[in-house]
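Everything below concerns the one structure shown next.
The values are calculated or read from the model by the stated rules, or taken from the named source; none is laboratory data. Since the model is a prediction, treat every value here as computed from it, not as a measurement. Methodologically, a virtual Cβ is constructed for each residue, glycine included, from the backbone with ideal geometry; neighbour enumeration extends over all protein chains shown. Side chains included, ligands, DNA and RNA excluded: accessible areas come from the protein's heavy atoms. Shrake-Rupley method; radii C 1.70, N 1.55, O 1.52, S 1.80 Å.
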Amino acid sequence: EKGGYKHFMLKEIFEQPRAIRDTTLGRISLDTGKVFLDEMKISDAEFRAATKINIAACGTSWHAATAGKFMIERLARVPVEVDYASEFRYRDPIIDPASLGVLITQSGETADTLAAQREMISKGSKTVAICNVVGAMIAREAHGTIYTHAGPEIGVASTKAFTAQLTALFLFAMHLAQVRGTVTEEESRTLIEQLSLIPGKLRDALRTSDKECEALARLYSNARDFLFLGRGIHYPIALEGALKLKEISYIHAEGYPAGEMKHGPNALIDETLPCVVLATRDSTNRDSRLRYEKTLSNIQEVTARSGKVIAVATEGDDQIGQLIDHVLYVPDATELLSPVLEVVPLQLLAYHIAVRRGCDVDQPRNLAKSVTVE
Ligand code: M6R
């Protein structure tokens, strides 16, 4: 049942190209660039009138939500607020009935996420679920569901569900943008074409990263702590890399916005602390180029203090390799989609470190696949 893989987690990491393809299947037109969502009890007029999007989720799904905020705000120009579902209803959230609620959940049964959904609905908001399990509770209570077609996820550490959630969020953001008229037809066609290329690029990323991450695991599996740094949409991916490492290898890890390092955490850096830095760049995008330049300075701040840097960078970037020892390259992509590629080496690094440490990768201690208590 593990299809020749040693663990479900590894099998599921390698299933990501298919999971992404299946999540886009039948929902995009390459000719027109149009995105079609599944049948919803939310009209286009309501999508157009939405004043705000409130997203609630937990754990890895919360990281997808935080990346989704960048996609929705950039493409559809609607303000997005992201909450931990486990905090949401305890702060008497202000919910305008003209806002839309979005719940992101692999299982569709997470108690905190369900409670956040009920809070949104009781305050007059309609909700969209992004869910991987057909007919799950949260999908049943939603006014519309975008199913992630990742297939059953057995490993407690979420991998393919995460990249499928990022894909579903991209589709949602594109649809909203098209309905609201914030993207042109030409932009839509380019972005949808980029999306259609992701499964092939993921295959390349998997092929190159696996062996390299295994080799890095040999060097770093005894580290006591790890830092993961990123800017913009790459920051939630840094958080996700840290969570993967924590939950399956029991190494303390922290994700941090790269630009915040000088406001405190720089004090932690020494030769024993590996820092994984997300340093991909989209050369067609000015903001991305600026972020990249700033990230390079952050890398230099770490190396100047003898910290060890493992960077995730874009293929063809020969500048970064001169600064540091370890670079994991991923294929070039439009910035809003690059998280789908750059999380792959982070998943594989966590996996290989956990295996070397003899941890139970698929069933980490103290954790359950679906958290049905509040
Ligand atoms: O099923 P859900 O997406 O609602 O689950 C949310 C979290 O419990 C889940 O993502 C958890 O953080 C994973 N173990 C992360 O790998």
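For residue 61, the requirement of being more than 13 Å from the ligand (Cβ to nearest atom), among the polar types (S, T, N, Q) and crowded, with 19+ Cβ neighbours inside 10 Å is not met. In this structure, is residue 216 part of a strand (DSSP E or B) and touching a strand residue (DSSP E or B) at 6+ places or on another chain (Cβ under 7 Å)? When the stated conditions are applied, residue 216 does not pass them. Among the residues of segment 356-374, those identified as within 23 Å of the chain's Cα centre (by Cα) and open to solvent by 10 Å² or more (accessible area, probe 1.4 Å) are 362, 363, 367, 368, 369, 370, 371, 372.
Among residues of segment 327-344 being over 13 Å from the mean Cα position of the chain (by Cα) and not in a strand (DSSP E or B), the one that is nearest to residue 209 (Cα to Cα) is 331. Of the residues 145, 159, the single one that is in contact with an Asp or Glu (Cβ under 9 Å, 6 or more places away or on another chain) and open to solvent by 10 Å² or more (accessible area, probe 1.4 Å) is 145.
On inspection, residue 167 qualifies as under 19 Å from the mean Cα position of the chain (by Cα) and among the hydroxyl-bearing types (Ser, Thr, Tyr).
Please determine, by comparing only the residues of segment 113-132 that are aliphatic (A, V, I, L, M) and within 17 Å of residue 37 (Cα to Cα), which one is farthest from the ligand (Cβ to nearest atom). Steps first, answer last, please.
As a first pass, look at segment 113-132 and keep what is aliphatic (A, V, I, L, M): 114-116, 120-121, 128-130.
Retained after the next criterion (residues that are within 17 Å of residue 37 (Cα to Cα)): 128-130.
Values: 128: 15, 129: 10, 130: 9 Å.
Checked segment 113-132; the qualifying residue farthest from the ligand (Cβ to nearest atom) is 128.
Among the candidates 156, 134, single out the residue that is β-branched (Val, Ile, Thr) and at pLDDT below 95.
Residue meeting the stated conditions: 156.
Scanning segment 112-136 for residues that are farther than 23 Å from residue 91 by Cβ and out of contact with any strand residue (DSSP E or B) (no Cβ under 9 Å at 6 or more places or on another chain) gives a single hit, 135. Give segment 273-307 a look and list any residue that's of a type in the set (Val, Ile, Thr), more than 13 Å from residue 342 (Cβ to Cβ) and in a helix (DSSP H, G or I), or say none. If the condition is that a residue be of a type in the set (Val, Ile, Thr), more than 13 Å from residue 342 (Cβ to Cβ) and in a helix (DSSP H, G or I), then 299, 302, 303 are the ones that fit. When segment 133-168 is filtered for residues that are polar (S, T, N, Q) and within 14 Å of the ligand (Cβ to nearest atom), the ones remaining, listed by number, are 145, 148, 158, 159, 163, 165. Annotation: residue 24 fulfils all but one of (1) open to solvent by less than 50 Å² (accessible area, probe 1.4 Å); (2) within 16 Å of the ligand (Cβ to nearest atom); (3) not hydrophobic (A, V, I, L, M, F, W, C); the unmet one is (2).
Within segment 64-77, being surrounded by 20 or more Cβ atoms within 10 Å (Cβ to Cβ) and either at positive phi or over 12 Å from the mean Cα position of the chain (by Cα) (or both) holds for 72, 75, 76.
When segment 245-272 is filtered for residues that are in contact with a helix residue (DSSP H, G or I) (Cβ under 8 Å, 6 or more places away or on another chain), part of a helix (DSSP H, G or I) and surrounded by fewer than 18 Cβ atoms within 10 Å (Cβ to Cβ), the ones remaining, listed by number, are 259, 262, 266. For segment 169-203, filtering for residues that are closer than 30 Å to residue 252 by Cα and open to solvent by 50 Å² or more (accessible area, probe 1.4 Å) leaves 1.
Please work out if residue 91 is away from the ligand (no atom under 13 Å from the Cβ), at negative phi and among the basic types (Lys, Arg).
yes
Among the residues of segment 98-112, those that are farther than 17 Å from residue 166 by Cβ, within 11 Å of the ligand (Cβ to nearest atom) and touching an Asp or Glu at 6+ places or on another chain (Cβ under 8 Å) comprise 111, 112. Only a single item in (1) more than 16 Å from the ligand (Cβ to nearest atom); (2) open to solvent by 10 Å² or more (accessible area, probe 1.4 Å); (3) part of a helix (DSSP H, G or I); (4) under 20 Å from residue 56 (Cβ atoms) is not met by residue 81, and it is number (3).
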